[in-house]
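Right, one structure below, let's go through it.
The values are calculated or read from the model by the stated rules, or taken from the named source; none is laboratory data. These figures come from a predicted structure and were not determined experimentally. Neighbour counts run over all protein chains shown; Cβ positions are idealised from the backbone, glycine included.
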Amino acid sequence: MKNCCTALLGLAFCLSLHAADTPSNMGGSPLDEAREAIAQKNWAGALNSLRAIAPDQASSADFHNLMGYVLRHQTQPDMVAVLDHYDRALAIDPGHRQAREYLGEAWLMLHCPDQAAEQLATIRRLCGYSDCEEWKDLQQAILAYRNPSHHSCSISK
């Protein structure tokens with residue numbers, strides 16, 4: 001009985017330590033703040049939130065994925081930095097489907113549809129035979145890019 005009580009007390013102590021570290025008890029993590037700002041298309045706020053945690057997030061694929069996404073949505077995106085963050089995310093987690101989708105979209109911004117198609121093929125392998133959301137979204141972006149009317153510019157005079 002004594003061993004059982006000791007184990008239960010130990011478990012309760014461990015759970016209380018974990019609960020103190022959860023985002024809901026800490027007012028949300030900066031990564032959560034960035035996600036909220038992204039949902040509101042508040043790119044400056046998202047960038048500030050991500051920069052605030054950058055030193056602690058070097059090994060986080062999610063951080064690098066979000067940073068690439070936010071940088072890509074700036075008025076004048078630094079595409080070298082965008083590609084670097086997606087590459088870092090994929091170096092940490094090669095199976096990060098969202099980073100692959102966003103990297104493909106970045107390649108389209110740089111007018112490199114073949115590199116985008118490579119990411120689409122990799123996502124297909126990661127998803128198996130099911131059409132996952134990342135695959136569908138990138139496929140749609142590639143199809144829109146390849147649509148000839150997408151590239152034409154017509155100005156009425």
Quiz prompt | Checklist (1) in a helix (DSSP H, G or I); (2) closer than 22 Å to ILE38 by Cα; (3) modelled with pLDDT of 95 or more; (4) touching a helix residue (DSSP H, G or I) at 6+ places or on another chain (Cβ under 8 Å) applied to VAL80, failing item | solution = (4)
Quiz item: Looking at segment 40-58, which of its residues are assigned to a helix (DSSP H, G or I), of a type in the set (S, T, N, Q) and either over 21 Å from GLN76 (Cα atoms) or without any contact (Cβ under 8 Å) to a residue 12 or more places away in the chain (or both)?
Solution: ASN48
Exercise. Sort through THR122, THR75 and tell me the only one that's touching a residue at least 12 places away in the same chain (Cβ under 8 Å) and more than 20 Å from PHE63 (Cα to Cα).
Key: THR122
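Rundown of residues vs (1) crowded, with 21+ Cβ neighbours inside 10 Å; (2) aliphatic (A, V, I, L, M), yes/no style:
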{"position": "GLY45", "(1), (2)": "no, no"}
{"position": "PRO55", "(1), (2)": "no, no"}
{"position": "LEU71", "(1), (2)": "yes, yes"}
{"position": "VAL80", "(1), (2)": "no, yes"}
{"position": "HIS85", "(1), (2)": "yes, no"}
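Conditions (1) in contact with a Lys or Arg (Cβ under 8 Å, 6 or more places away or on another chain); (2) within 20 Å of ARG35 (Cα to Cα); (3) crowded, with 16+ Cβ neighbours inside 10 Å; (4) not aromatic (Phe, Trp, Tyr), marked per residue:
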site	(1), (2), (3), (4)
ASN65	no, yes, yes, yes
GLN76	no, no, no, yes
ARG88	no, yes, yes, yes
TYR102	yes, yes, yes, no
HIS111	no, no, no, yes
ARG125	no, no, no, yes
Exercise. Would you mind stating whether GLU118 is surrounded by 22 or more Cβ atoms within 10 Å (Cβ to Cβ) and at pLDDT 95 or above?
Key: no
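Applying the selection to segment 42-78, what residues are touching a Pro at 6+ places or on another chain (Cβ under 8 Å) and of a type in the set (S, T, N, Q)?
Of segment 42-78, the ones touching a Pro at 6+ places or on another chain (Cβ under 8 Å) are 49-50, 52-53, 71.
Matches in segment 42-78: SER49 only.
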